1. Students often get this wrong, so check it: of Lys290/Lys343; Lys18/Lys140; Lys57/Lys95, which have C-alpha atoms separated by over 28 Å?
2. Report the calculated FRET efficiency for Arg379 and Asp113 (r = Cβ-Cβ distance, R0 = 35 Å), to the nearest 0.05.
3. Rounded to the nearest 5, what % of DSSP beta bridges with both residues in the range 5-182 are antiparallel?
4. By how many nm would the segment from Ala155 to Tyr17 lengthen if fully extended, with 0.36 nm per residue of separation less the alpha-carbon distance?
5. So in the range 217-375, what percent of DSSP beta bridges are antiparallel if you round to the nearest 5?
6. Which lysines, if any, have their Cα less than 26 Å from the Cα of Lys339, not counting same-chain residues under 8 positions apart?
7. When the Debye formula is applied to the Cα atoms of the range 263-402, each taken as the same point scatterer, what base-10 log of I(q)/I(0) results at q = 0.17, 0.18 Å⁻¹?
8. Report relative contact order for the range 190-398 in percent, whole number only (criteria: Cα-Cα under 8 Å, sequence separation at least 6).
Amino acid sequence: MTGKRVLLIVGGGIAAYKALELTRLLRKAGVAVRPILTKAGAEFVTALSLSALAEDKVYGELFSLTDEAEMGHIELSRSADLVVVAPATADLIAKAAHGLAGDLASTTLLATDKPVLMAPAMNVRMWLHPATRRNIETLKTDGVLFVGPDEGAMACGEFGPGRLVEPPVIFEAIMDALRGPAARPLAGRHALVTAGPTFEPIDPVRGITNRSSGRQGYAIAGALARLGARVTLVSGPVALPTPLGVDRIDVETAREMLAACQAALPADVGVFVAAVADWRIDEVFGAKLKKEKGGPPALTFVENPDILAALAASGPQRPKLVIGFAAETNDVEAHARAKLARKGCDWIIANDVTEPGVMGGDENAVLLISRDKTERWTRAAKDSVARDLAQRIAQDLTASPS
Ligand code: C5P
């Protein structure tokens with residue numbers, strides 16, 4: 001990345017201190033950083049710190065005679081390969097969405113002809129406010145890239161989405177943006193991913209579920225988003241944070257998962273990783289079952305819909321590429337190949353769950369089975385399997401027109 005240049009706009013929020021660390025990471029990677037510090041930003045970090053870390057002059061004023069003499073604001077807006085706004089406050093986002101140009105930062109955003117990446121940071125109510133929602137949609141339509149925000153405890157004492165993502169994550173997003181469209185081969189594509197277990201109720205307090213952690217599916221959703229896809233993740237109950245840039249829909253039962261998947265169509269690719277319960281209780285008890293009421297209850301089961309098979313047979317709405325998972329304990333390839341045919345999908349990712357450390361662990365050793373071939377992937381971390389699978393999906397989709 002040596003020789004690449006970033007124009008870094010630092011907005012006014014408590015998270016502005018993270019812009020200093022971001023500047024350090026960029027400089028360490030050989031990226032030149034030219035900072036613009038807004039008036040509000042200067043309330044949180046000093047121009048001196050920013051300038052020392054960036055090893056460059058800090059710009060702040062639109063009507064500065066010396067700045068204009070050295071480099072006009074129009075030239076400044078085009079002097080980089082990428083414009084980064086971190087933290088992107090609600091105010092800066094609103095100004096950019098409406099094309100306002102009353103100060104140096106907003107004028108730069110209006111005048112630039114370079115890609116723009118924003119890392120939002122604001123109070124949760126501000127982030128969820130319909131005005132901000134509209135502004136984000138407008139900017140996304142305009143082609144502005146976003147990283148974050150994160151969810152969690154905030155400096156204002158509230159909890160929820162709105163935290164600036166950590167500097168290493170912004171750094172990675174900057175690296176992707178600097179690599180250009182080649183790093184986002186799934187831009188403009190929609191991916192549907194299911195993950196986690198389902199929960200089938202027995203009565204209002206009990207149910208049937210399984211031990212799926214959701215990790216592999218979440219990693220795949222995140223990896224697809226990093227390649228530029230719009231990702232809808234339909235998730236059973238898990239204890240995992242939503243991967244960056246992913247739209248998550250929480251469901252409990254198989255039938256809810258199927259309905260959410262159908263509502264999310266059309267999609268270019270469907271990756272069905274969820275461990276869906278094969279059976280559900282025929283009639284869910286309306287009141288809590290009591291131990292005293294004459295021995296164990298007689299539960300009757302009915303079959304759940306097969307989400308993968310249903311989506312693979314969804315006619316004109318069918319995703320171009322439908323991928324199922326198979327956890328097998330013996331004859332992995334033969335069983336998985338039979339499943340490929342039975343479910344009508346294009347690929348099966350099969351793994352041998354008797355391998356130590358696979359179930360609930362960090363690693364996976366998989367076979368990619370398509371109609372005409374079998375690939376044996378070397379054992380790797382689930383994140384790495386997810387990245388490789390996302391790359392394979394991108395290759396397959398980009399080989400066919402969108
Ligand atoms: O039949 P089996 O459960 O082994 O198939 C596993 C694959 O089918 C996984 O991709 C899983 O997500 C999907 N599946 C599904 N709906 C079901 C059962 C399995 O989508 N009801």
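1. Numbers: Lys290/Lys343 40 Å; Lys18/Lys140 24 Å; Lys57/Lys95 24 Å.
Those over the limit are Lys290/Lys343.
2. Between Arg379 and Asp113 the formula returns 0.15.
3. Counting DSSP beta bridges with both partners in the range 5-182, the antiparallel share is about 20 percent.
4. The span from Ala155 to Tyr17 would gain 48.4 nm if fully extended.
5. Looking only at bridges with both residues in the range 217-375, the antiparallel portion is about 40 percent.
6. Partners found: Lys320, Lys373, Lys382.
7. Each listed q corresponds, in turn, to -0.99, -1.07.
8. 20
Bear in mind these aren't lab numbers, they're just calculated from the coordinates by the rules spelled out. For clarity, every value in this text was computed on a predicted model and none was experimentally measured. Here the Cβ is made from the backbone with ideal geometry for all residues, glycine too, and neighbour counts use every protein chain on show.
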